[in-house]
Amino acid sequence: MLSNSHVLFHSVHQLSRVLAKHLNDALEPFGLYNAQWAVLFVLKENGTLTQKELCQYLAVEAPPMTRTIQRLYKQGYIEQQTGQDRRKKFIQLTQKAQEEYPKWEKAVMEANEKLLGPIPENTQEELTAVITNWLTEIKLENSKLGGN
C-alpha cells in the first residue's frame, strides 16, 4: 500500500494539472496560457517587478520565465524598463494589458467558480488556509536552506 504522503503529493500534482488545463481552456479565446496569466496577475496585484522577483514569487526557473515574458512582450501586454543597473529589467503591464485584464479576469473567475461549485464555502476557506500555511512553511524552509 502507498504511504499517505505519496497519495497526498500525487493528488496535489494531479489537481495542479487539472486546474492548469481548465485555466488554459478559459484563457484560450484570448491567446493566453496559465503561465502567462500567472505573470499578468502578479504584475496587476504587485505592480512593477523584476524578472528575478517574478521567478521567486511564482517559483519558476529563469529560462521558462524568460520565454513567458518574451511572449507577453510580443503580445503587447508587458513592457520592460532597464534600471540604473543595466542588468536589472523592470517589468510592468502595458496600457493594452490594463484594458484587457478585466476580460481575462472574468473568464478566470467563471472557470474558478465552476470548479469550486460543489465545494461548500467553509471548506473552501479551510482549504485556502491549509494551502496558504503549507506554502508559507515551504517558502520559509527554502529560505533557511538558501533556496527560493
Quick one: what does P(r) look like for the chain with 5 Å bins over all Cα pairs, in whole %? 2, 8, 14, 18, 20, 16, 12, 7, 2, 1, 0, 0
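How do H10, H22 rank when sorted from fewest to most other Cβ atoms within 10 Å of their own Cβ? Don't jump to the answer; show the numbers that get you there.
Numbers: H10 11, H22 16.
Placing the least packed residue first, the sequence is H10, H22.
Can you list the trypsin sites (Lys or Arg not before Pro) in the stretch 49-116 that are in a DSSP coil and have 16 or fewer other beta carbons within 10 angstrom?
Values: sites: K52, R67, R71, K74, R86, R87, K88, K89, K96, K103, K106, K114; in loops: R86, R87, K88.
Answer by residue number: R86, R87, K88.
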Going Cα to Cα from K74, which lysines come in below 27 Å? Please leave out same-chain ones fewer than 8 positions away. K21, K44, K52, K88, K89, K96, K103, K106
Average Cα contact separation per residue, the stretch 4-117, under 8 Å, 6 or more apart, as relative contact order %: 25 percent
Rg and Dmax of the stretch 1-62, Cα atoms, in Å? 14.9, 48
GNM, the chain, Cα, under 10 Å: largest mean-square fluctuation among T48, T68, T82? T82
Arrange L43, L58, L116, L140 by Cβ neighbour counts within 10 Å, fewest through most, would you? L140, L116, L58, L43
Report, in whole Å, the centroid distance computed from the Cα atoms of the stretch 59-120 and the stretch 35-53. 6 Å
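Sorting I138, I78, I69 on the 10 Å Cβ count, fewest up front, what's the list?
Values: I138 12, I78 22, I69 19.
Listed from fewest to most nearby Cβ atoms, that is I138, I69, I78.
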Rounded to one decimal in nm, the spacing of the 7 Å Cα→Cβ label points at N4 and K114 is 3.5 nm
Rounded to 10°, Cα long-axis angle of helix 62-74 versus longest principal axis of the chain: 60 degrees
Per the helix-only model, the chain has a calculated mean residue ellipticity at 222 nm (DSSP H runs of ≥4, -39500 (n - 2.57) each, divided over all residues, rounded to the nearest 500) of -23500 deg cm²/dmol
Of N112, N133, N46, which has the largest mean-square fluctuation in a 10 Å C-alpha GNM of the chain? N133
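The numbers here are math on the coordinates, done by the rules we state, and not lab data. Fair warning: this is a prediction, and the values are worked out from it, not measured in the lab. Note: ideal-geometry Cβ built from the backbone for every residue, glycine included; neighbour counts use all protein chains shown.
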